[in-house]
Amino acid sequence: MNITQKILKKIQNKGKGWVFTPKDFLKIRHLNTINPLIDRLENRGYIRTLGNGLYDYPIIDRNTGKLLPPKLDNIIRALEVLLNDKFIFSHEYAAFLFGVNKSLTAEIKYLSNKRNSKIISIAGYNIKILKTTIKIPKNKYHKPTLAFQSIYYFGKNIPFSVLKKIISQLNIKELETLKTLSKQFAWMSRLLN
């Protein structure tokens, strides 16, 4: 099996909708070798360029035959690989995930420890990356971190009913982790202890 076939096999194994960067293939070969092979796969119609060094194995709508846009989570994963970074959801979006914020702005925001504020436009999404001092967990769906961000979103005057709703979604271990995270802000620590 040649290198192009190995790359294509990995793409196909990941499945339709996978968003990737040439860095995803570093175990196969060096970037200088990978880039022209990815271009070749695009020219043959196997993959599509999304921009900013990202590609996808597109999903085709069965009814219209048109290429569908990739899922945002897939784009974010590939951006993390490309930029050698980890992102977490913004405070606003974390509160939305906990069901305590019903309105979202159209701007998609993520937080990073490494990046200064930056907007990346890709596949119809405008993704704003903001710098944060919050420790980024390996899993962006880490419930204590999402709870921390939800509380931070409302600030020190968070309604008790909202705080109660957030805490009620955590198990005892997650609540203890949240209390540890809350020590970053005296006002939050007082609310939770």
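Output yes when any residue across the stretch 58-68 is free of Cβ contacts under 8 Å to residues at least 60 places away in the same chain and touching a helix residue (DSSP H, G or I) at 6+ places or on another chain (Cβ under 9 Å), and no when none is.
Within the stretch 58-68, not a single residue is free of Cβ contacts under 8 Å to residues at least 60 places away in the same chain and touching a helix residue (DSSP H, G or I) at 6+ places or on another chain (Cβ under 9 Å).
For LEU111, are the conditions met, namely being under 30 Å from ILE47 (Cα atoms) and without any contact (Cβ under 8 Å) to a residue 40 or more places away in the chain? Show your work before the answer.
Values: under 30 Å from ILE47 (Cα atoms): yes; without any contact (Cβ under 8 Å) to a residue 40 or more places away in the chain: yes.
It is true that LEU111 is under 30 Å from ILE47 (Cα atoms) and without any contact (Cβ under 8 Å) to a residue 40 or more places away in the chain.
Looking only at the stretch 1-18, which residues are surrounded by 14 or more Cβ atoms within 10 Å (Cβ to Cβ) and either in contact (Cβ under 8 Å) with a residue 60 or more places away in the chain or assigned to a loop (DSSP other than H, G, I, E, B) (or both)?
Result: GLY17, TRP18.
Output yes when any residue across the stretch 117-137 is assigned to a helix (DSSP H, G or I), hydrophobic (A, V, I, L, M, F, W, C), open to solvent by less than 20 Å² (accessible area, probe 1.4 Å) and modelled with pLDDT of 90 or more, and no when none is.
So far as the stretch 117-137 goes, no, none of its residues is assigned to a helix (DSSP H, G or I), hydrophobic (A, V, I, L, M, F, W, C), open to solvent by less than 20 Å² (accessible area, probe 1.4 Å) and modelled with pLDDT of 90 or more.
Restricting to the stretch 180-193, name every residue that is in a helix (DSSP H, G or I) and open to solvent by 50 Å² or more (accessible area, probe 1.4 Å).
First, the residues of the stretch 180-193 that are in a helix (DSSP H, G or I): 180-182, 186-192.
Of everything in the stretch 180-193, those that are in a helix (DSSP H, G or I) and open to solvent by 50 Å² or more (accessible area, probe 1.4 Å) turn out to be THR180, ALA186, ARG190, LEU191.
Every residue in the stretch 42-73 that is surrounded by 17 or more Cβ atoms within 10 Å (Cβ to Cβ) and assigned to a helix (DSSP H, G or I), please.
Selection gives nothing.
Those residues that are surrounded by 18 or more Cβ atoms within 10 Å (Cβ to Cβ) and either in a loop (DSSP other than H, G, I, E, B) or touching a residue at least 60 places away in the same chain (Cβ under 8 Å) (or both), I need them from the stretch 143-171; list them, please.
Residues satisfying the conditions are GLN149, TYR152, TYR153, ILE158, VAL162, ILE166.
Could you say which residue among ILE28, ILE76, ILE34 is part of a loop (DSSP other than H, G, I, E, B) and modelled with pLDDT under 95?
Only one candidate qualifies: ILE28.
Which of the residues that make up the stretch 79-96 are open to solvent by 70 Å² or more (accessible area, probe 1.4 Å) and either farther than 28 Å from TYR57 by Cα or in a helix (DSSP H, G or I) (or both)?
TYR93, PHE96
The values are calculated or read from the model by the stated rules, or taken from the named source; none is laboratory data. Computed from a prediction, not measured in an experiment: that's the story for all the values here. Cβ atoms come from the backbone with ideal geometry, glycine included; neighbour counts cover every protein chain shown. With ligands, DNA and RNA removed, areas are computed over all heavy atoms of the protein, side chains included. Shrake-Rupley method; radii C 1.70, N 1.55, O 1.52, S 1.80 Å.
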